[in-house]
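Have a look at the structure below, then the notes.
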Amino acid sequence: MSATVTPIAEAQARHAASAQPAPAQTLSWFDGALVPAEELTAGLTTHAMHYGSGVFEGIRAYATDDGAAVFRLPEHLERMRKGAEMFGLPFDAAQCALATLETLRANGHRDAYIRPLAWFGEGSFGLDVEGHVPHMMVATTATHVHLNGSRARLGVGSWRRNPADSLPPLKLCGGYVNSILAKREAKARGFDEALFTDRENNVVECTGANVFMVRDGRLTAVEHRDALPGITRDTLLQLTGAESRRVPLSELLDADEVFACGTAAEVAPVAQIEERVYGDNPVTRELQALYARVVRGQEPAWRHWLTAV
């Protein structure tokens, strides 16, 4: 896996020089048109506001030598489609893909975080979604790559992850109340993030990221039916051929390295879980560098994962 890589700072500087100037105001795509983001509003009877009846994705675009590109856009939108289908919420993945590219172009974003959201809007109160207006929006924000960010400290939460036989592990808006509670608890205890475990003390995931461990040079992805099927997780599995299996918390605590991964987190080293403090993260750093090359189109074998803006 070892290789010589271009430092992240150099890549950022190279692409910053060719970045397009941002428009005077940020635009968002809403129900078929680009509108100033600050003008968007939601009615007080919006169903998703009261009951969480929406589905979203977190997607990243990156500056490459050939211009901005979105990483694994079809896979993200297919997962979003599955979530919308659960609600009976109309969702057109092809339309959302075009809206994503249109919004990125309009805002001049190259390194960007992308948030598509579909939801049930105005109507009467009650759990039935029939009769509520469906909406879709896409918002983009400029962002900087944070692969070399601080090493996170995790607290094992008392809250359990939503079980998959109660709530499917998809990006359903209401399901993330579970993550909010767990993260608030972890931060109140002095940690950066929460780690979910099940009743048998097997690792599930963090509040918004999957988990990997390294022991004796072997890379293992935590697998759990209650965890979100992460696209970054799948990316790393394909890049490395890592084993994927159930991991007890005791085994994770005994690992040489632990890292979290997700679209926003990318590949994020873990410094501590409860009282267990980890040392250096050489394998994690190597994977960070590999991931950085892949998302920026510097690995020819994986360029099919990029959708040009």
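Observations
- Size descriptor, Kirkwood hydrodynamic radius, that averages inverse alpha-carbon separations across segment 181-266, Å: 13.2
- Euclidean distance of C-alpha centroids, segment 146-222 and segment 246-260, integer Å: 13
- Taking every DSSP beta bridge that has both ends in the chain, the antiparallel portion is near 85%.
- Neighbours of residue 269 by Cβ distance under 10 Å: Lys/Arg scored +1, Asp/Glu scored -1, total 0.
- Just so you know, the Rg over Rh for segment 41-109 is 1.05, from Cα atoms, with Rh as the Kirkwood radius.
- Square roots of 5 times each gyration tensor eigenvalue, C-alpha, segment 218-309, largest first, Å: 25, 15, 11
- For the residues 42, 242, 292, a GNM of the chain with alpha-carbon springs under 10 Å puts the largest fluctuation on 42.
- GNM flexibility winner over the chain from 240, 141, 197 (Cα, springs under 10 Å): 240
- Segment 124-139 and segment 60-97: distance between their alpha carbon centers, rounded to Å: 20
- Checking every one of the GluC sites (Glu not before Pro) in segment 201-309 against DSSP loop status and a limit of 16 other Cβ atoms within 10 Å picks out 274, 275.
- Calculated log₁₀ intensity ratio I(q)/I(0) where the Debye formula runs over C-alpha points of segment 258-309, q = 0.27, 0.31 Å⁻¹: -1.06, -1.19
- For segment 175-185, Karplus couplings with θ = phi - 60° (6.51, -1.76, 1.60), whole Hz, Gly/Pro x: x, 7, 4, 4, 5, 4, 4, 5, 5, 4, 4
- Amide H to amide H distances under 5 Å link residue 28 with 35, 37, where only residues 5 or more positions off or on other chains count and H is placed in the peptide plane.
- For segment 156-179, the residues whose amide N sits under 17 Å from a probe point set 7 Å from the Cα of residue 189 along the beta carbon direction are 156-162, 178-179.
- Convex hull volume of the C-alpha atoms in segment 72-130, normalised per residue: 100 Å³.
- Value in Å of the Kirkwood radius, where segment 114-198 supplies the Cα pairs that are averaged: 16.0
- Descending semi-axes in whole angstrom, ellipsoid equivalent of segment 95-163, from the Cα gyration tensor: 30, 26, 8
- Relative contact order of segment 196-241: 27 percent, from C-alpha pairs under 8 Å at least 6 residues apart in sequence.
- Contact order for the chain, expressed relative to its length and based on alpha carbon pairs under 8 Å spaced 6+ residues apart, stands at 19 percent.
- Coupling constants for segment 132-139 follow from the phi torsions by the Karplus curve (6.51 cos²θ - 1.76 cosθ + 1.60, θ = phi - 60°), and in residue order they are 9, 6, x, 10, 9, 9, 9, 10 Hz; glycine and proline get x.
- Counted residue by residue at 0.36 nm each, then reduced by the alpha carbon distance between them, the extension gain from residue 272 to residue 298 reaches 6.2 nm.
Any read-out appearing in this document is the output of simple, stated calculations on the displayed coordinates, not a laboratory observation. In this text the structure is predicted, and so the values were computed from the model without any measurement. As a convention, Cβ positions derive from the backbone with ideal geometry for all residues, glycine included, and neighbour counts pool all protein chains shown.
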